2 protein chains.
Amino acid sequence: MPRTGRRPGDTDTRTAILEAARRHFADAGYRGATIRAIAGGAGVDPALVHHYFGSKHELFASVLELPVPPELLLNVLTTTPVDALGATIVRTFLGVWDTPQHSERMQIIIRTAVVDEQAVRMLREFVTETLLGAVARHLGADQPMLRATLVASQLIGLAFMRFLITMEPLASADHEQLVAAYGPAVQHYLTGDLSADRTGPL
Amino acid sequence: MPRTGRRPGDTDTRTAILEAARRHFADAGYRGATIRAIAGGAGVDPALVHHYFGSKHELFASVLELPVPPELLLNVLTTTPVDALGATIVRTFLGVWDTPQHSERMQIIIRTAVVDEQAVRMLREFVTETLLGAVARHLGADQPMLRATLVASQLIGLAFMRFLITMEPLASADHEQLVAAYGPAVQHYLTGDLSADRTGPL
């Protein structure tokens, strides 16, 4: 969406930065990439990269064409009471991705992840360093990164079943039904007891 | 593994049947395929197909090179007490797939599923009609197919994180740690209350 007051040439500059970013992230990985090197690749000042795209992870989100800036998600996650995070994460995930346009974008990301080793490495570093790391710190529970990856495994599996292989009745279930079903499980991953092999209902 | 007493020509016949099955499953889908048509395609009697491969879903498992016959899994699932199914399903899934050879096979199946619409349809029908359907019937709970697909979504997500994108610490966690983490969530999908949006730990 173009902002008002954009000068002619803005679009070219943005495009040049995005192309340089795409190349540099592919070469250096998410973790190794720097705004300075991306600016150099685009022939612009680093300040201009920040001006157009914000932080490194916002720039990466733009390269991936993520529908929602990670900052917004982080804000939702870190302001939600810990014991309501399970339902909130599921509801937010569906709210962001479960539209025809964005679910297609998610399909592309998953398809890329299964065939492109380099893309996988970038996505893994990005997701780990931004969303998962932040959720883990917010939790204050034992084994925070294991918990964060447990949650990620359920969200990926949900996306896989709903958007890619459309397995019914899951694929057509409404959001609140899925929040009710997945919320307690995701909450268990975040704050439950992971040490014991319990049998029986939770 | 060749059985003792196999005559010369057995291997050719088996191969011809497998090739005919691969073609016919691709044309007709899992549900539409018949042993009779596959036998016709291979130029053999249907009884010979049953002799070599057993039922239609055993033949399909051979085509997919599944490491364990579905019959064996079904037997495990339908003889496990319902309130121990969560942990048993996770433990069995890891026991079957989490070896270097079989996890590579799972990677191939997932990679195929994300690019090949026809393969997806076959896998979906196969998984639904054999494993998920049987688990759902065994449960005797409300919304059995939704429950079965919830479980499938978690197992696919686990496989995706562990075998395909190897996200740590999940990718290196030992089996019993994963059984302890996932077991209660899978049990919740199978027998928990899916109707209410509960917050707080399970």
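The values are calculated or read from the model by the stated rules, or taken from the named source; none is laboratory data. Keep in mind it's a predicted model, so treat the numbers as computed, not measured. FYI the Cβ positions are ideal-geometry reconstructions off the backbone, even for glycines, and counts take in every protein chain you see. Side chains included, ligands, DNA and RNA excluded: accessible areas come from the protein's heavy atoms. Shrake-Rupley method; radii C 1.70, N 1.55, O 1.52, S 1.80 Å.
Regarding residue B:164, is this residue closer than 15 Å to residue A:146 by Cα and of a type in the set (A, V, I, L, M, F, W, C)? Show your work before the answer.
On the way: closer than 15 Å to residue A:146 by Cα: no; of a type in the set (A, V, I, L, M, F, W, C): yes.
Answer is no for this residue.
Please determine whether any residue of segment B:62-80 is within 14 Å of another protein chain (Cβ to nearest Cβ) and in contact with a Leu (Cβ under 9 Å, 6 or more places away or on another chain). Spell out the reasoning first.
Kept after step one, since they are within 14 Å of another protein chain (Cβ to nearest Cβ), are these residues of segment B:62-80: B:80.
Next, only the ones that are in contact with a Leu (Cβ under 9 Å, 6 or more places away or on another chain) stay: none.
No, every residue in segment B:62-80 fails to be within 14 Å of another protein chain (Cβ to nearest Cβ) and in contact with a Leu (Cβ under 9 Å, 6 or more places away or on another chain).
When you check residue B:162 against the structure, is it open to solvent by 30 Å² or more (accessible area, probe 1.4 Å) and under 23 Å from residue B:66 (Cα atoms), yes or no? First the steps, then the outcome.
On the way: open to solvent by 30 Å² or more (accessible area, probe 1.4 Å): no; under 23 Å from residue B:66 (Cα atoms): yes.
The answer is no for residue B:162.
May I ask you to verify whether residue B:158 is at pLDDT 95 or above and of a type in the set (A, V, I, L, M)?
Numbers: at pLDDT 95 or above: yes; of a type in the set (A, V, I, L, M): yes.
Considered against the rule, which asks whether it is at pLDDT 95 or above and of a type in the set (A, V, I, L, M), residue B:158 comes out as yes.
Residue B:38: part of a helix (DSSP H, G or I), within 24 Å of residue B:125 (Cβ to Cβ), under 12 Å from the mean Cα position of the chain (by Cα) and at pLDDT 90 or above, yes or no? Show your work before the answer.
Working: part of a helix (DSSP H, G or I): yes; within 24 Å of residue B:125 (Cβ to Cβ): yes; under 12 Å from the mean Cα position of the chain (by Cα): no; at pLDDT 90 or above: yes.
Answer is no for this residue.
Based on what the data block shows, is residue B:99 more than 28 Å from residue B:14 (Cα to Cα) and among the polar types (S, T, N, Q)? Break it down into steps so the answer makes sense when it comes.
On the way: more than 28 Å from residue B:14 (Cα to Cα): no; among the polar types (S, T, N, Q): yes.
No: the conditions fail for residue B:99.
Every residue, every condition in (1) under 15 Å from the mean Cα position of the chain (by Cα); (2) free of Cβ contacts under 8 Å to residues at least 60 places away in the same chain, yes or no:
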residue	(1), (2)
A:98	yes, no
A:110	yes, yes
A:114	no, yes
A:137	no, yes
A:142	no, yes
A:153	yes, yes
A:165	no, yes
A:170	no, yes
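What number of residues within segment B:41-74 satisfy the criterion of being outside any helix (DSSP H, G or I), of a type in the set (A, V, I, L, M) and open to solvent by 40 Å² or more (accessible area, probe 1.4 Å)? Before the answer, list the steps.
The initial filter retains those residues of segment B:41-74 that are outside any helix (DSSP H, G or I), namely B:43-45, B:54-55, B:65-69.
When the remaining residues are screened for being of a type in the set (A, V, I, L, M), the result is B:44, B:66, B:68.
Filter again for open to solvent by 40 Å² or more (accessible area, probe 1.4 Å), leaving B:66.
Total meeting the criteria: 1.
Scanning for something open to solvent by 60 Å² or more (accessible area, probe 1.4 Å), outside any helix (DSSP H, G or I) and at pLDDT 90 or above, does segment B:11-34 turn up at least one residue?
Yes: segment B:11-34 contains one or more residues that are open to solvent by 60 Å² or more (accessible area, probe 1.4 Å), outside any helix (DSSP H, G or I) and at pLDDT 90 or above.
Here are the criteria: (1) open to solvent by 10 Å² or more (accessible area, probe 1.4 Å); (2) hydroxyl-bearing (Ser, Thr, Tyr); (3) under 16 Å from the mean Cα position of the chain (by Cα). Tell me which single one residue A:191 does not satisfy.
Unmet condition: (3).
Would you pick out the residues in segment B:135-179 that are assigned to a loop (DSSP other than H, G, I, E, B) and at the interface with chain A (Cβ under 9 Å from one of its Cβ atoms)? Write out each step before concluding.
Initially, segment B:135-179 is screened for residues assigned to a loop (DSSP other than H, G, I, E, B), giving B:140-143, B:165-169, B:173-174.
Of everything in segment B:135-179, those that are assigned to a loop (DSSP other than H, G, I, E, B) and at the interface with chain A (Cβ under 9 Å from one of its Cβ atoms) turn out to be B:143, B:165, B:166, B:167, B:168, B:169, B:173.
Of these, A:27, A:12, which one is acidic (Asp, Glu) and more than 30 Å from residue B:106 (Cα to Cα)?
Values: A:27 fails: more than 30 Å from residue B:106 (Cα to Cα).
Selected residue: A:12, the only one of A:27, A:12 that is acidic (Asp, Glu) and more than 30 Å from residue B:106 (Cα to Cα).
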